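In what follows, a single structure is set out as structure tokens and then discussed.
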Amino acid sequence: TQLLEQSPQFLSIQEGENLTVYCNSSSVFSSLQWYRQEPGEGPVLLVTVVTGGEVKKLKRLTFQFGDARKDSSLHITAAQPGDTGLYLCAGLYSGGGADGLTFGKGTHLIIQP
Amino acid sequence: DAGITQSPRHKVTETGTPVTLRCHQTENHRYMYWYRQDPGHGLRLIHYSYGVKDTDKGEVSDGYSVSRSKTEDFLLTLESATSSQTSVYFCAISPSSVNYGYTFGSGTRLTVV
């Protein structure tokens, strides 16, 4: 079973602060995705990264894919209470096929006003 | 319109009874997935489908079966529900097996008493 480790597991910060969460594996991904999930709802896709070293920005969120395609990070600038949620990374491993993404356990993020 | 709906949203059932959860999509996507989400385990793949009548097992398939007789519907059946199957079940769809994000339903919260 492929493992995808996310850290930290929990993070609570004040509004306006910056933060970074991480997603790591010992295996190489062909692609990696980040999702945000709010209570009582399904995960919602934020971004897909495919190329090693790739950086994508979505407003105040910056996603980076590691050069070796084994890790990724999500950086949030000037966090807002609306950023609160469970952030999940999910990887499609090289050689993986229709059998789906492997998900990390997530980072629970709370932004306090 | 969400493009993917799950029913029911909530269900309480007794140990030993069969239960069927339904996932319906209007996106005409080829791939459909059933995941369960549990504290401490994250999202784990139960079964997936890569076309009508084409299904395969995921990581935690014991005690579950699926059927896909039409592109738009993917059914998950708990043959004889057990308390360990108390969970939140999510259906997801994707147009491709590689590099495309999943669209998730809102989930079904199942309690087995």
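For region A:1-91, give me every one of the strands (runs of 3 or more DSSP E) that falls completely inside it and has 3 or more residues that are open to solvent by 60 Å² or more (accessible area, probe 1.4 Å) and touching a strand residue (DSSP E or B) at 6+ places or on another chain (Cβ under 7 Å).
Here the list reads A:10-14, A:55-58.
If I ask for residues that are away from chain A (no Cβ under 11 Å) and not charged (D, E, K, R), which ones from region B:45-60 would you list?
Listed by number, the list holds a single entry, B:Val52.
Identify all residues within region B:71-81 that are open to solvent by less than 40 Å² (accessible area, probe 1.4 Å) and under 15 Å from B:Thr26 (Cα atoms); write none if there are none.
B:Asp73, B:Phe74
If I ask for residues that are more than 14 Å from the chain's Cα centre (by Cα) and modelled with pLDDT of 90 or more, which ones from region A:1-27 would you list?
Those that are more than 14 Å from the chain's Cα centre (by Cα) and modelled with pLDDT of 90 or more: A:Ser12, A:Ile13, A:Gln14, A:Glu15, A:Gly16, A:Glu17, A:Asn18.
Looking at (1) in contact (Cβ under 8 Å) with a residue 60 or more places away in the chain; (2) within 30 Å of A:Thr107 (Cα to Cα); (3) polar (S, T, N, Q), find the lone condition where B:Thr17 falls short.
The single condition B:Thr17 does not satisfy is (2).
If B:Arg109 satisfies every condition in (1) within 21 Å of A:Trp34 (Cβ to Cβ); (2) modelled with pLDDT of 95 or more; (3) touching a Lys or Arg at 6+ places or on another chain (Cβ under 8 Å) but one, which is the exception?
Among (1) within 21 Å of A:Trp34 (Cβ to Cβ); (2) modelled with pLDDT of 95 or more; (3) touching a Lys or Arg at 6+ places or on another chain (Cβ under 8 Å), the lone unmet condition for B:Arg109 is (1).
Go through A:Pro81, A:Pro43 for me and flag whichever is modelled with pLDDT of 95 or more and within 13 Å of chain B (Cβ to nearest Cβ).
When all the criteria are applied, what remains is A:Pro43.
Report the residue count in region B:58-70 for those that are open to solvent by less than 50 Å² (accessible area, probe 1.4 Å), part of a loop (DSSP other than H, G, I, E, B) and either touching a Cys at 6+ places or on another chain (Cβ under 8 Å) or over 23 Å from A:Pro43 (Cβ atoms) (or both).
Residues flagged as open to solvent by less than 50 Å² (accessible area, probe 1.4 Å), part of a loop (DSSP other than H, G, I, E, B) and either touching a Cys at 6+ places or on another chain (Cβ under 8 Å) or over 23 Å from A:Pro43 (Cβ atoms) (or both) within region B:58-70 amount to 1.
Between residues in region A:1-22 that are away from chain B (no Cβ under 14 Å) and residues that are open to solvent by 90 Å² or more (accessible area, probe 1.4 Å) and part of a loop (DSSP other than H, G, I, E, B), which pairs lie under 9 Å by C-beta distance while being six or more apart or on different chains?
A:Gln14/A:Pro113; A:Glu15/A:Pro113
What are the residues in region B:70-92 that are modelled with pLDDT under 95 and closer than 16 Å to A:Leu101 by Cα, if any?
Hits for region B:70-92: nothing passes.
How many of the residues making up region B:78-113 are within 14 Å of chain A (Cβ to nearest Cβ) and in a loop (DSSP other than H, G, I, E, B)?
Number of matching residues: 11.
In region B:13-44, what residues are under 12 Å from B:Val88 (Cα atoms) and either more than 13 Å from chain A (Cβ to nearest Cβ) or assigned to a strand (DSSP E or B) (or both)?
Result: B:Leu21, B:Trp34, B:Tyr35, B:Arg36, B:Gln37, B:Asp38, B:Gly42, B:Leu43, B:Arg44.
For region B:87-99, enumerate the residues that are of a type outside the set (A, V, I, L, M, F, W, C) and surrounded by 17 or more Cβ atoms within 10 Å (Cβ to Cβ).
Matches in region B:87-99: B:Ser87, B:Tyr89, B:Ser94, B:Ser97.
Has region B:22-41 got at least one residue that is more than 19 Å from B:Ser97 (Cα to Cα), touching a Lys or Arg at 6+ places or on another chain (Cβ under 6 Å) and at pLDDT below 95?
no
The values are calculated or read from the model by the stated rules, or taken from the named source; none is laboratory data. Nothing here was measured: the structure is a model prediction, and the numbers come from that model. For neighbour counting, all protein chains shown are included, and Cβ atoms are generated from backbone atoms with ideal geometry for every residue, glycine included. To get the accessible areas, we keep the full protein, side chains included, count just its heavy atoms, and leave off ligands, DNA and RNA. Shrake-Rupley method; radii C 1.70, N 1.55, O 1.52, S 1.80 Å.
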